[in-house]
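A quick write-up on the structure given underneath.
Read-outs throughout are calculated quantities, based only on the coordinates presented, and are distinct from any laboratory measurement. Note that the coordinates shown come from a computational prediction; the quantities given were computed from them, not determined experimentally. Cβ: placed from backbone, ideal geometry, glycine included. Neighbour counts: every protein chain shown.
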Amino acid sequence: MSVEDQEAISRAEATGQWDDPAYLQANDHYFEKYVISVDEHSPECIRRPKRSGTEAYLYGWGPNEYQPLGSLKDFEYTDRLSQISQPTLICSGTHDICTPVVAASLYEHIPHSRWHLFRHSRHTCFIDAHMEYCQVLTRWLQEN
């Protein structure tokens, strides 16, 4: 992210001013780069109006993706991933908020898991690499 965006995020974290226009713009840039961008060419299911609730997210995680400040900030689950007994498909992109390091850790700790890394995809690999995603998911569902 740009130096300006990083500074805006740091200022908001230091001051708690989550409504600062520079912070909101930096947050938009982050989501476009690592999560999703929506325009007239996006699938209809992404463009349609959403009813999003924020209370639970704010309580559990906090006001942004960068720094957990909510009740889950100290939650650690890695040592329990081995308890997952169902086959698990882990999908992530090379430009994903779930970084390849995080996805690899899930893969290494979950028995019977498979990981597929989508090149040039963000958190929404099902949009960024739609055909590849459908092929990977279909194959995994048929096998499991």
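Taking a ≥ b ≥ c as the square roots of the Cα gyration tensor eigenvalues, region 76-144 comes out oblate, since a/c reaches at least 1.5 and a/b does not exceed b/c. Only alpha carbons enter this Debye calculation for region 1-104, each as an equal point scatterer, and the log10 of I(q)/I(0) it gives at q = 0.10, 0.15, 0.19, 0.22 Å⁻¹ is -0.39, -0.89, -1.28, -1.38. Residues considered: 26, 14, 103. Largest GNM mean-square fluctuation over the chain, using C-alpha springs under 10 Å, is found at 14.
Dimensions of region 53-113 along the principal axes, based on C-alpha atoms and rounded to the nearest Å, stand at 34, 27, 20, largest first. Using every Cα-Cα pair within region 19-80, state what percent have a distance larger than 16 Å. Of all Cα-Cα pairs in region 19-80, 64 percent lie more than 16 Å apart. The order of 31, 75, 118, going from fewest to most other C-beta atoms within 10 Å of their C-beta, is 75, 31, 118.
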